[in-house]
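S.K.: First the structure, then my questions, so here it is.
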Amino acid sequence: MALVGVLALQGSFNEHIAALRRLGVKGVEIRKPEQLQTVASLIIPGGESTTMAKLAEFHNLFPSLREFVEMGKPVWGTCAGLIFLANKAIGQKTGGQQLIGGLDCTVHRNFFGSQIQSFEADLSVPELASKEGGPETFRGIFIRAPAILEVGPEVQVLAGYPVPSDRLLSSDSSIEDKKENAQEESKVIVAVRQGNILATAFHPELTADTRWHSYFLKMGNEMGEEASSSIVPAPVNTSYNLQAPNDLPIFQ
């Protein structure tokens with residue numbers, strides 16, 4: 001069985017491991033660079049991105065994380081994990097933070113505001129529905145969430161969220177040439193894929209819907225086929241599903 005690593009420095013890593021368990025896949029906690037050599041793919045969870053970055057620096061994880069991404073192994077960042085994977089982040093705290101990079105986008109670190117402005121919303125996810133079945137929408141949980149303002153040509157947009165045009169423009173004063181097209185820029189991007197990288201601004205691990213986790217696991221199979229690597233599909237072990245009632249809180 002191919003193991004899925006979950007960066008376990010801070011944040012919702014336990015919830016991701018529980019979601020993987022419901023799919024019959026084993027997730028392992030990653031805290032040290034050498035542990036990355038034992039996994040075929042990696043999830044970078046939500047949390048406090050500045051704290052996570054400081055802990056990653058302390059454990060000298062950034063070089064190994066960048067190498068993991070550059071090798072083409074599947075990586076999924078949720079919320080703070082999205083910030084980590086972006087090539088450019090704005091709205092950071094004084095002094096900024098290190099980024100892993102690899103995802104050709106500009107992300108606003110705290111676009112949706114503070115903790116008390118966290119919210120849930122139904123997102124249109126046609127790509128997810130076509131690959132994983134189920135409804136055409138996904139209940140996104142946004143907690144002090146970032147948003148993607150711009151993406152490069154190789155980035156596939158998987159979900160967006162409507163915002164007032166003036167809110168989008170004011171979030172990045174460098175976007176001067178978009179003022180004439182303000183009405184067209186009435187959405188921010190909240191889910192993307194670029195090759196081996198998946199990123200969501202919301203928290204699928206806090207729901208009972210495991211389609212994003214299933215989608216990510218299949219990315220590993222796709223990348224393995226393209227690279228003729230040793231990554232193989234993880235067989236479903238139904239005994240894991242018996243532990244679902246003991247998982248951490250699930251929002252439905």
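The values are calculated or read from the model by the stated rules, or taken from the named source; none is laboratory data. Everything numeric in this text was worked out from a predicted model, so none of it was measured. Cβ atoms come from the backbone with ideal geometry, glycine included; neighbour counts cover every protein chain shown. All accessible areas refer to the heavy atoms of the entire protein, side chains included, with ligands and DNA or RNA removed. Shrake-Rupley method; radii C 1.70, N 1.55, O 1.52, S 1.80 Å.
S.K.: Consider Thr51 against the criteria (1) touching a His at 6+ places or on another chain (Cβ under 9 Å); (2) surrounded by fewer than 22 Cβ atoms within 10 Å (Cβ to Cβ); (3) β-branched (Val, Ile, Thr): it satisfies all of them except one. Which criterion is unmet?
M.R.: Failing condition for Thr51: (1).
S.K.: Further question: If you go through the stretch 16-43, how many residues are open to solvent by 50 Å² or more (accessible area, probe 1.4 Å) and either of a type in the set (A, V, I, L, M) or within 23 Å of Lys54 (Cα to Cα) (or both)?
M.R.: 6
S.K.: Considering each of Phe68, Phe13 in turn, give the residue that is surrounded by 21 or more Cβ atoms within 10 Å (Cβ to Cβ), of a type in the set (Phe, Trp, Tyr) and either in contact (Cβ under 8 Å) with a residue 40 or more places away in the chain or closer than 20 Å to Ser118 by Cβ (or both).
M.R.: Only one candidate passes the filter, namely Phe13.
S.K.: Output yes when any residue across the stretch 184-198 is at pLDDT below 70 and open to solvent by 10 Å² or more (accessible area, probe 1.4 Å), and no when none is.
M.R.: The answer is yes; a qualifying residue exists.
S.K.: Restricting attention to helices (runs of 4 or more DSSP H) lying wholly within the stretch 38-146, give those where 2 or more residues are farther than 18 Å from Phe202 by Cα and aromatic (Phe, Trp, Tyr).
M.R.: 62-70
Table: residues versus (1) among the hydrophobic types (A, V, I, L, M, F, W, C); (2) modelled with pLDDT of 95 or more; (3) more than 24 Å from His213 (Cα to Cα); (4) open to solvent by 10 Å² or more (accessible area, probe 1.4 Å).
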{"position": "Leu85", "(1), (2), (3), (4)": "yes, yes, no, no"}
{"position": "Lys93", "(1), (2), (3), (4)": "no, no, yes, yes"}
{"position": "Gln115", "(1), (2), (3), (4)": "no, no, yes, yes"}
{"position": "Thr137", "(1), (2), (3), (4)": "no, yes, no, yes"}
{"position": "Ala145", "(1), (2), (3), (4)": "yes, no, no, no"}
{"position": "Val155", "(1), (2), (3), (4)": "yes, yes, no, yes"}
{"position": "Arg167", "(1), (2), (3), (4)": "no, no, yes, yes"}
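S.K.: So, in the stretch 1-10, of the ones that are open to solvent by 20 Å² or more (accessible area, probe 1.4 Å) and over 24 Å from Glu222 (Cβ atoms), which residue ends up modelled with the highest pLDDT?
M.R.: Leu9
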